[in-house]
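Presented below is the structure to which this report refers.
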Amino acid sequence: MDHQLFAELYEAHAGAVYAHAVRMTADRAGAEDIVSLTFLEAWRLRDSLDGVVSQRAWLFGIATNVMRNSRRAARRHRDAMARLPPPDRVPDVADAVVSRISDTARTAAALAALGGLRRADREVLLLCVWSGLSQHEVAQACGVPEGTVRSRLSRARSRLRVLTADHLAGRPGSVRVPASRTPREGNS
C-alpha cells in the first residue's frame, strides 16, 4: 500500500475511529491519542490490509486493541507507582529565597546602622557578637571591667535594634544622631 492509498484510508475513517474511541474512553484527548496509535499500528500492518473485507471493521479492531493495551499499560503504571515509597517532601524554595532576601536586608540594615553606634559600644558589640568572644575576653581585650562590657553590649544592642528598624522602614538618617559620649571615649 502506498502513501496516497493510506492517506485516503485515513481521510475516510479517522472520524469514525475517533468517535469510537470517544465512546469507549469518554476522553476526547485520550481518543485523539488512540486515533494516532491506531493509524500508526495500521501503517505497520498495511501489508495485511489487502485481504481485509471491511477496512472500517479492521481499523475498529486495531483501535479496540490499542485501547486495551493503553488501559493495561496505565494499570501497570499505577500499580508500579503504588509500589514505590512515597516521595520525600520537597521544601518550597520560595520560602528559602524570601528568607534569604529578608536576612540580607536585615544584615545590610544592621551594617548600615553600626555607624550610628558609639565607637566603644560598636567595638564591644563586634567583639562579642561577630567575633564570638566572651564578655570576660572582651573586657580583657578592651581593658575595661566586665560590667562595663555588659552595659555597653546592652546599650549597643538596644540602639542597633532601633537604628536597624529605622533603616528597614526607609528612614536611615532619622536616628543618626550619635548617643552621648562619655568624657573618657571622646568623639571617635
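The values are calculated or read from the model by the stated rules, or taken from the named source; none is laboratory data. From a predicted model like this one, the values you see are computed outputs, not experimental measurements. For neighbour counting, all protein chains shown are included, and Cβ atoms are generated from backbone atoms with ideal geometry for every residue, glycine included. Please note that ligands, DNA and RNA were not included when accessible areas were found on the heavy atoms of the full protein model with its side chains. Shrake-Rupley method; radii C 1.70, N 1.55, O 1.52, S 1.80 Å.
Of note:
- Projecting the alpha carbon convex hull of the chain along each direction and taking the average yields 22.5 nm².
- From helices alone, the chain scores -23500 deg cm²/dmol at 222 nm; the rule is -39500 (n - 2.57) for each run of n ≥ 4 DSSP H residues, then divide by the residue total.
- Sorted on the mean count of surrounding Cβ atoms within 10 Å across their residues, most packed first, peptides 155-166, 70-81 read 155-166, 70-81.
- Summing charges over all other residues whose Cβ lies under 13 Å from the Cβ of residue 63, with Lys and Arg as +1 and Asp and Glu as -1, gives +1.
- Most fluctuating residue given options 121, 50, 88, as computed from a GNM of the chain linking Cα atoms under 10 Å: 50
- Residue 80/residue 43 FRET efficiency (R0 25 Å; Cβ-Cβ; nearest 0.05): 0.25
- Nonpolar atom fraction for the chain, defined as the carbon and sulfur part of the 1.4 Å probe accessible area, stands at 56 percent.
- GluC sites (Glu not before Pro) restricted to DSSP loop in the stretch 1-86 with at most 15 other C-beta within 10 Å: none
- Listed values for the stretch 57-67 are Karplus-derived 3J(HN,Hα) couplings in whole Hz (6.51 cos²θ - 1.76 cosθ + 1.60, θ = phi - 60°), namely 4, 4, 5, 5, x, 5, 4, 4, 5, 4, 5, and x replaces Gly and Pro.
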